[in-house]
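Have a look at the structure below before the remarks.
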Amino acid sequence: MSLHSYLVPDYYPGFKCKGGQCSRTCCAGWRITISMRKYFELLGINCSKELRGRLDRAFCLCDNPSPERYAQIAPTMSGNCPVQTEDGLCALQLELGERVLTEA
């Protein structure tokens, strides 16, 4: 088993999303990755047709994928997340709740 280091902001434990009042989305400028388990969970998740279309275009496999870092968000031509709504919110979280992206 390999060990990984992660950078986590000091404010993370108390973080609460501001939703549409946020001036910058969490995923902007980051290479957001997900585990293999979460990737296949999202491929099979029950959701609306619109969200399914977004999810089907949202991820690409990482270079040298591992079970912990399997796929990453494939940004649109403008650099945004394909799951992001026009008002900057996450369509996945809006439709299925904020826990849909947690690994627990």
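For beta carbons closer than 6 Å, sequence separation of 6+ or different chains, a first residue in the stretch 37-48 that is part of a helix (DSSP H, G or I) and a second that is open to solvent by less than 60 Å² (accessible area, probe 1.4 Å) and of a type outside the set (A, V, I, L, M, F, W, C), the qualifying pairs are 39/70. Consider the stretch 55-104 and keep the residues that are part of a loop (DSSP other than H, G, I, E, B) and among the charged types (D, E, K, R). The one that is nearest to residue 45 (Cα to Cα) is 103. Applying the condition of being more than 15 Å from residue 101 (Cα to Cα) and at pLDDT 90 or above to the stretch 13-51 and asking which residue is most open to solvent (accessible area, probe 1.4 Å) yields 49.
From the list 79, 88, the one residue that fits, being in contact (Cβ under 8 Å) with a residue 40 or more places away in the chain, open to solvent by 30 Å² or more (accessible area, probe 1.4 Å), in contact with a Gly (Cβ under 9 Å, 6 or more places away or on another chain) and under 25 Å from residue 21 (Cα atoms), is 79.
The values are calculated or read from the model by the stated rules, or taken from the named source; none is laboratory data. Since this is a predicted model, take the numbers as computed values, not measurements. Note: ideal-geometry Cβ built from the backbone for every residue, glycine included; neighbour counts use all protein chains shown. These accessible areas exclude ligands, DNA and RNA; they are computed on the full protein's heavy atoms, side chains included. Shrake-Rupley method; radii C 1.70, N 1.55, O 1.52, S 1.80 Å.
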